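Trainee: Encoded as structure tokens, here's the structure I'll be asking about.
The values are calculated or read from the model by the stated rules, or taken from the named source; none is laboratory data. Worth saying up front: this structure is predicted, and the values here are computed from it rather than measured. All Cβ positions, even for glycine, are placed from backbone atoms using ideal geometry, and neighbour counts span all protein chains on display.
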Amino acid sequence: MFVKEEIDAKKRKVRSLLDDLGLDGILIKRQSNFTWLTGGARNLVGIATENGVSSALISREAEYILANNIEAPRLIEEEDIEAQGYKVCAFPWHADREATLARELAGPRLGADVAMAGVVDVARSLASLRYTLTPWEVERYKDVGMETARAIEETTAEIRPGDKECTVIGRLAARLWDRGLDYITTFCAADDRIARFRHPLATDRRVEKRAMLCVNARRKGLIISLTRFVQFGAVPADLRRRYDATVGVDCTLMAHTVPGRPAAEAFRKGLEAYAEAGFADEYELHHQGGSIGYEGRDYKVAFDSPHIVQESQAFAWNPSITGAKSEDTMLATAGGPVILSPPVTFPVLDVEIAGIRFRRPDILEL
């Protein structure tokens, strides 16, 4: 089901952009933009693809879905697309009709969020329309966050010495699929692989003393990013020091992610926290994260990032200190950060930064 008020507001945003750019129509094909515009409808076949197999076309007076005869029936029957006011225009699967049809329906001055000959690139402008989430999106996002947190924590608690990294990912995938969640990115690292690689794709390496599990999971287009750790036996003192410091950096980043303030300001505060913890150069080894929502990261924040944090904009910071990482997804609000993927069954660290109290997942000891 969709919320008409939400869908209408998003169409108005696209038409305002259309007017600003002096276009006759805007073709929306990227799955992130399509799903945003339609309140969660899926125009994809491969779950990891950026571009969809069908498109939405917003003209000055009408809205269309352009799809081949393979995709059109499912969009009509299962995605409730006609009820949103779209006219479905189908063409034979073997005919390359999309661009021509878009011009015939809207006019010659066309914009698109994918590369097309003779068409204005509006991808960056469209992305910015997604940053401020509607109240309905926030509620959907909270559900995605809680379900993803449960899935990863249940899976992490089930890890045992001797398990292969790829087997762990298989268990996580099963839990996510059972909840209707796509997994966009998954990492599992055993023991020394946690420290050796910032992006540890799962292998047949077997877990001995500890493991790190990470996931980007998506439902209705909204993506949650988070990380959890398990340790067999007591957490070693050096790992405890690194993990606590990383959590402190993460909380600092979140505490300073304030609507109306530069995102780069939060980044700089994070670097100060690295230095104060005695790990000044660790940020050089991996990006620190940034805006999230309908993309795994809409943008990654660094020194020269021009972006201003928006009200109800989601962020996933992911600071790391070699051997440790802290990551969850938050919502920036005037009342302070709201964690969308809080610890559910995991032990908790209570941290206070800049007058804000955080409940962060600790390392699970088994």
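Trainee: For the stretch 144-168, enumerate the residues that are within 30 Å of residue 39 (Cβ to Cβ) and free of Cβ contacts under 8 Å to residues at least 60 places away in the same chain.
Mentor: 155, the sole residue that qualifies.
Trainee: Let me ask something else. Can you tell me which residues in the stretch 219-246 are touching a Ser or Thr at 6+ places or on another chain (Cβ under 9 Å) and under 18 Å from residue 152 (Cα atoms)?
Mentor: Scanning the stretch 219-246 gives 219, 222, 223, 224, 225, 226, 227, 228, 229, 230.
Trainee: Only one of 23, 18 is outside the structural domain of residue 223 (by TED's automatic domain parsing), part of a helix (DSSP H, G or I), modelled with pLDDT of 95 or more and surrounded by 17 or more Cβ atoms within 10 Å (Cβ to Cβ); which? Quick ask: steps written out before the conclusion?
Mentor: Values: 23 fails: part of a helix (DSSP H, G or I).
Every option except 18 fails the conditions.
Trainee: For residue 266, state whether it is in a strand (DSSP E or B), in contact (Cβ under 8 Å) with a residue 12 or more places away in the chain and not polar (S, T, N, Q). Spell out how you get there, then give the answer.
Mentor: Numbers: in a strand (DSSP E or B): no; in contact (Cβ under 8 Å) with a residue 12 or more places away in the chain: yes; not polar (S, T, N, Q): yes.
No.
Trainee: Right, something else. Can you pull out every residue in the stretch 48-75 that is polar (S, T, N, Q) and either surrounded by 13 or more Cβ atoms within 10 Å (Cβ to Cβ) or within 17 Å of residue 86 (Cβ to Cβ) (or both)? Spell out how you get there, then give the answer.
Mentor: Here is the first cut: in the stretch 48-75, the residues polar (S, T, N, Q) are 49, 51, 54-55, 59, 68-69.
Scanning the stretch 48-75 gives 51, 54, 55, 59, 68, 69.
Trainee: Can you tell me how many residues within the stretch 184-214 are in contact with a helix residue (DSSP H, G or I) (Cβ under 7 Å, 6 or more places away or on another chain), closer than 20 Å to residue 317 by Cβ and assigned to a loop (DSSP other than H, G, I, E, B)?
Mentor: Counting residues in the stretch 184-214 that are in contact with a helix residue (DSSP H, G or I) (Cβ under 7 Å, 6 or more places away or on another chain), closer than 20 Å to residue 317 by Cβ and assigned to a loop (DSSP other than H, G, I, E, B) gives 2.
Trainee: Continuing with the same structure: From the list 205, 210, which one is out of contact with any Leu (no Cβ under 9 Å at 6 or more places or on another chain) and among the basic types (Lys, Arg)? Give the steps one after another, and end with the answer.
Mentor: Details: 210 fails: out of contact with any Leu (no Cβ under 9 Å at 6 or more places or on another chain).
Residue meeting the stated conditions: 205.
Trainee: Which residues, taken from the stretch 317-366, are without any contact (Cβ under 8 Å) to a residue 40 or more places away in the chain and touching a Lys or Arg at 6+ places or on another chain (Cβ under 7 Å)?
Mentor: Those that are without any contact (Cβ under 8 Å) to a residue 40 or more places away in the chain and touching a Lys or Arg at 6+ places or on another chain (Cβ under 7 Å): 348, 350.
Trainee: Here are 185, 148, 167, 203: which of them is of a type in the set (S, T, N, Q), assigned by TED's automatic domain parsing to the domain that holds residue 345 and crowded, with 22+ Cβ neighbours inside 10 Å?
Mentor: On the way: 185 fails: crowded, with 22+ Cβ neighbours inside 10 Å; 167 fails: crowded, with 22+ Cβ neighbours inside 10 Å; 203 fails: crowded, with 22+ Cβ neighbours inside 10 Å.
Going through 185, 148, 167, 203 in turn, just one is of a type in the set (S, T, N, Q), assigned by TED's automatic domain parsing to the domain that holds residue 345 and crowded, with 22+ Cβ neighbours inside 10 Å: 148.
Trainee: Could you check the stretch 103-125 and list, in sequence order, the residues that are in a strand (DSSP E or B) and touching an Asp or Glu at 6+ places or on another chain (Cβ under 9 Å)?
Mentor: 110, 111, 112, 121
Trainee: Follow-up question, since we're still on this one. Can you report the number of residues in the stretch 35-47 which are buried (at least 23 other Cβ atoms within 10 Å of the Cβ) and more than 15 Å from the chain's Cα centre (by Cα)?
Mentor: So the answer is 4.
Trainee: What is the one condition in (1) free of Cβ contacts under 8 Å to residues at least 12 places away in the same chain; (2) more than 21 Å from residue 12 (Cα to Cα); (3) assigned to a loop (DSSP other than H, G, I, E, B) that residue 100 does not satisfy?
Mentor: (3)
Trainee: Would you point out which residue out of 80, 121 is at pLDDT below 95 and out of contact with any helix residue (DSSP H, G or I) (no Cβ under 9 Å at 6 or more places or on another chain)?
Mentor: Numbers: 121 fails: at pLDDT below 95.
After ruling out the rest, the residue left standing is 80.
Trainee: Looking at the stretch 231-238, can you tell me whether even one residue there is over 28 Å from residue 306 (Cβ atoms), buried (at least 23 other Cβ atoms within 10 Å of the Cβ), of a type in the set (A, V, I, L, M) and in contact with a strand residue (DSSP E or B) (Cβ under 9 Å, 6 or more places away or on another chain)? Please lay out each step first, then the result.
Mentor: First, pick out the residues of the stretch 231-238 that are over 28 Å from residue 306 (Cβ atoms): 231-238.
Going one step further and asking which of them are buried (at least 23 other Cβ atoms within 10 Å of the Cβ), we end up with none.
Looking through the stretch 231-238, none of the residues is over 28 Å from residue 306 (Cβ atoms), buried (at least 23 other Cβ atoms within 10 Å of the Cβ), of a type in the set (A, V, I, L, M) and in contact with a strand residue (DSSP E or B) (Cβ under 9 Å, 6 or more places away or on another chain).
Trainee: Suppose we keep only residues that are hydroxyl-bearing (Ser, Thr, Tyr) and assigned to a strand (DSSP E or B) within the stretch 269-299. Which one would you say is surrounded by the most Cβ atoms within 10 Å (Cβ to Cβ)? Walk me through it before giving the result.
Mentor: Pass one, the stretch 269-299, residues hydroxyl-bearing (Ser, Thr, Tyr): 274, 283, 291, 294, 299.
Cutting the leftovers down to assigned to a strand (DSSP E or B) gives us 291, 299.
On the way: 291: 24, 299: 17.
Result: 291.
Trainee: May I pose another question? Only one of these is of a type outside the set (Lys, Arg) and touching a residue at least 40 places away in the same chain (Cβ under 8 Å): 301, 309. Name it. I'd like the intermediate steps shown before the answer.
Mentor: Working: 301 fails: touching a residue at least 40 places away in the same chain (Cβ under 8 Å).
Unique residue meeting the criteria: 309.
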